[in-house]
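Everything on this sheet refers to the single structure shown next.
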Amino acid sequence: MLLFGLMEKVIIIGSGCAGLTAAIYAARANLSPLVLEGRQPGGQLSTTTLVENFPGFPEGIDGPQLVLNMHKQAEHFGARFSYAEATGLDLTNEHVRLQVDDEDWLETQALIVASGASARWLGLENEEKLIGHGLTSCATCDGAFYRNVPVCVIGGGDSAAEEALFLTRFASKVYLIHRRDRLRASKIMADRVMACELIEPIWNTTVTKYLTDEKGEMCAVMLRNVETKEDRQLEVACVFVAIGHDPNTKAFAGKLETDPDGYLLVRHLAESKHPGVFIAGDVADRVYKQAITAAGSGCAAAMEAERYLSGLH
Ligand code: NAP
């Protein structure tokens, strides 16, 4: 367990691509950073499949393997890791104070916030209760449980396309339910989806209700065509929600500047408006949201933190 009152040089919140890259750079600068991994170690890449666009891997690399490699690389240079989660922030003193797991407060000379983003849900009745009972946001984690049964994916972006393609390994049929008449996914992913016989797109349609069997497991969804307003029932054993992400900024509410959607605001390079607090990755990125841009901003945040600690700012 972490010690109360410990003074750290650099604390990094988050262990996705941004946090781990920041950890590699800060550790190589001999700052012995402490990485708070939080509830989803490895960030979004830990729930993805093959990453084909991270430079240096011509055959692609599995997301979980990529973050594991980064973790090892950071550890090799002296980064320290804890599963603790940042739950509060105090910026009123000379040094940044950070609360972990709603208990201890740590002090740090520099803080890098790379807390990422979390899967968005539809907000339908019973949604929370159904997670793990036929409702999920992670095909890599749960796809293999649904063999030879029909499933559906909700969304029209790259995540939805990737999830749908992955699920064709197991499911008898994959319905891709999208509220528009075309995918927003990149062309290469959209083309793959459209060429796949096992995937059936259902356009201009939203899910309005989850239906369960007598054991409380998902068995069907109610669909509404947004143009004709017609409702119909679709039998599926599992619903994979892939409608984007929201930035993880709850712990910093009112303490760090955000835009109206909760994304942290970066002033210059990776700097926040508070001296000693730096920002990296998807928690501040509403545009690119790529592993490589997250890694790049993690690098910048660590280099800015190092400059700050050397009094160069
Ligand atoms: P996204 O691009 O924001 O797409 C979200 C999708 O969900 C959109 O099609 C959106 O519909 C739909 N949606 C949002 N809210 C909804 C709601 N309440 N009900 C129904 N549908 C809803 O998110 P993403 O797919 O997670 O991708 C995020 C970023 O990661 C993107 O930049 C993407 O390129 C990247 N990514 C890349 C890869 C890859 O390169 N292999 C894989 C995954 C993600 P509208 O189209 O109507 O807005």
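Restricting ALA185, ALA164, ALA220, ALA190 to those that are among the small types (Gly, Ala, Ser) and surrounded by fewer than 19 Cβ atoms within 10 Å (Cβ to Cβ) reduces the list to ALA190. Once the range 27-62 is narrowed to residues that are touching a Ser or Thr at 6+ places or on another chain (Cβ under 8 Å) and small (Gly, Ala, Ser), the residue that is nearest to LEU111 (Cα to Cα) is GLY38. Those strands (runs of 3 or more DSSP E) of the range 208-255 in which 1 or more residues are more than 16 Å from the ligand (Cβ to nearest atom) occupy 218-225, 231-235, 238-241. Go through the range 287-305 and give me each residue that's within 12 Å of the chain's Cα centre (by Cα) and closer than 21 Å to ASP259 by Cα. Correct list: LYS289, GLN290, ALA294. Take the residues in the range 285-308 that are buried (at least 21 other Cβ atoms within 10 Å of the Cβ) and not aliphatic (A, V, I, L, M), then tell me which one is farthest from the ligand (Cβ to nearest atom). Result: GLU304.
Filtering THR92, THR108, THR87 for residues that are more than 21 Å from GLY155 (Cβ to Cβ), in a loop (DSSP other than H, G, I, E, B) and either away from the ligand (no atom under 16 Å from the Cβ) or not assigned by TED's automatic domain parsing to the domain that holds PHE252 (or both) leaves a single hit, THR92. Only one entry in VAL151, VAL193, VAL207, VAL226 is touching a Phe, Trp or Tyr at 6+ places or on another chain (Cβ under 9 Å) and not aromatic (Phe, Trp, Tyr), namely VAL151. Within the option set SER46, SER15, SER115, being outside the structural domain of GLY216 (by TED's automatic domain parsing), touching a Pro at 6+ places or on another chain (Cβ under 7 Å), of a type in the set (Gly, Ala, Ser) and closer than 24 Å to ARG267 by Cα holds for one residue only, SER15.
Residues that are under 21 Å from the mean Cα position of the chain (by Cα) and among the basic types (Lys, Arg) within the range 74-93 are absent altogether. No other residue among ASP259, ASP282 is over 30 Å from PHE77 (Cβ atoms), within 16 Å of the ligand (Cβ to nearest atom) and assigned by TED's automatic domain parsing to the domain that holds GLN99 apart from ASP259.
Of everything in the range 114-130 that is within 9 Å of the chain's Cα centre (by Cα) and of a type in the set (A, V, I, L, M), the residue that is surrounded by the fewest Cβ atoms within 10 Å (Cβ to Cβ) is ALA119. The selection criterion, being assigned by TED's automatic domain parsing to the domain that holds ILE13 and not in a helix (DSSP H, G or I), does not hold for GLU75.
The single residue among VAL10, VAL67 that is touching a Ser or Thr at 6+ places or on another chain (Cβ under 6 Å) and not in a loop (DSSP other than H, G, I, E, B) turns out to be VAL67.
Of all residues being under 17 Å from GLU52 (Cβ atoms), at pLDDT 95 or above and among the small types (Gly, Ala, Ser) in the range 158-197, which is farthest from the ligand (Cβ to nearest atom)? Just the residue, please. This residue is ALA195. Residues of the range 267-276 that are among the hydrophobic types (A, V, I, L, M, F, W, C) and more than 20 Å from ARG97 (Cα to Cα): LEU269 alone.
Residue count for the range 115-157 under the criterion of being within 16 Å of the ligand (Cβ to nearest atom), in contact with a helix residue (DSSP H, G or I) (Cβ under 6 Å, 6 or more places away or on another chain) and farther than 24 Å from CYS219 by Cβ: the result is 2.
The values are calculated or read from the model by the stated rules, or taken from the named source; none is laboratory data. Keep in mind the model is a prediction, meaning the values are calculated, not measured. Note: ideal-geometry Cβ built from the backbone for every residue, glycine included; neighbour counts use all protein chains shown.
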